[in-house]
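Q: Dropping a structure here in C-alpha cells format, bear with me for questions.
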Amino acid sequence: MTADEFRNLALELPGAEERSHMDHPDFRVGGKIFATLGPGEEWGMVKLTPDQQATFVEAEPEAFEPVKGGWGLKGATRVNLDTAREPGVVRALDAAWRNTAPKSLIQKYDRR
C-alpha cells in the first residue's frame with residue numbers, strides 16, 4: 001500500500017479532512033485525529049483501542065504493530081504500508097474513525 005492509497009482511504013470516511021501535525025499529515029474528524037502518516041510518509045498510524053489493536057496485530061502482524069511507548073499502550077497502532085493490504089487498512093481506518101467521530105456523524109453514516 002502506498003501513502004497516497006492510505007490517504008485516499010482515510011479521506012473517503014465521512015467528515016474526514018487532512019491537516020498537518022508536527023510537519024506530517026494527519027486525518028481528522030470533528031477536529032480530532034484518527035490517523036496519521038509518519039514523517040516521510042513511509043508508515044501510517046491509526047488510533048485504536050487496546051483491544052482493537054490486539055485484534056489487528058494478531059490477525060496481521062506484518063502490517064500492524066503497537067506504536068512504541070505510552071501511545072502504543074493506549075492503542076496507537078502503526079501501519080506498515082509496505083506490507084499492509086487494503087482490506088485490513090480499511091477496517092482499521094473505519095475503527096479509528098468510529099473511535100473518534102461524533103456519535104451523530106456515526107449514526108448518520110450507519111443509516112446509509
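Q: So is A59 surrounded by fewer than 16 Cβ atoms within 10 Å (Cβ to Cβ) and of a type in the set (A, V, I, L, M, F, W, C) or not? Steps first, answer last, please.
A: Working: surrounded by fewer than 16 Cβ atoms within 10 Å (Cβ to Cβ): yes; of a type in the set (A, V, I, L, M, F, W, C): yes.
For A59, the condition - surrounded by fewer than 16 Cβ atoms within 10 Å (Cβ to Cβ) and of a type in the set (A, V, I, L, M, F, W, C) - is met.
Q: Within the bounds of the stretch 15-23, is there any residue that is farther than 29 Å from R111 by Cα and modelled with pLDDT of 95 or more? Can you show your working first?
A: So in the stretch 15-23, the residues farther than 29 Å from R111 by Cα come out as 20-23.
Remaining after also requiring modelled with pLDDT of 95 or more: none.
Checking the stretch 15-23: not a single residue is farther than 29 Å from R111 by Cα and modelled with pLDDT of 95 or more.
Q: Scan A84, A96, A10 and give me the residue that is farther than 28 Å from Q107 by Cβ and crowded, with 16+ Cβ neighbours inside 10 Å. I'd like the intermediate steps shown before the answer.
A: Values: A96 fails: farther than 28 Å from Q107 by Cβ; A10 fails: farther than 28 Å from Q107 by Cβ.
Just a single option satisfies the conditions, and that option is A84.
Q: Now for a different question. Report, by residue number, each residue of the stretch 41-72 that is under 18 Å from M1 (Cα atoms), in contact with a strand residue (DSSP E or B) (Cβ under 8 Å, 6 or more places away or on another chain), free of Cβ contacts under 8 Å to residues at least 40 places away in the same chain and not charged (D, E, K, R).
A: Hits for the stretch 41-72 are W43, M45, F56, V57, A63, F64.
Q: To continue, here is another question. Please pick out the residue among D4, D26, D110, D94 that is under 10 Å from the mean Cα position of the chain (by Cα) and without any contact (Cβ under 8 Å) to a residue 12 or more places away in the chain.
A: D26 is the lone residue from the list that is under 10 Å from the mean Cα position of the chain (by Cα) and without any contact (Cβ under 8 Å) to a residue 12 or more places away in the chain.
Q: Also, I was wondering about something else. For A84, are the conditions met, namely being free of Cβ contacts under 8 Å to residues at least 40 places away in the same chain and out of contact with any strand residue (DSSP E or B) (no Cβ under 6 Å at 6 or more places or on another chain)?
A: Values: free of Cβ contacts under 8 Å to residues at least 40 places away in the same chain: no; out of contact with any strand residue (DSSP E or B) (no Cβ under 6 Å at 6 or more places or on another chain): yes.
No.
The values are calculated or read from the model by the stated rules, or taken from the named source; none is laboratory data. Remember, predicted model here, so these are calculated numbers, not experimental data. Backbone-built Cβ (ideal geometry, glycine too); neighbour counts: all protein chains shown.
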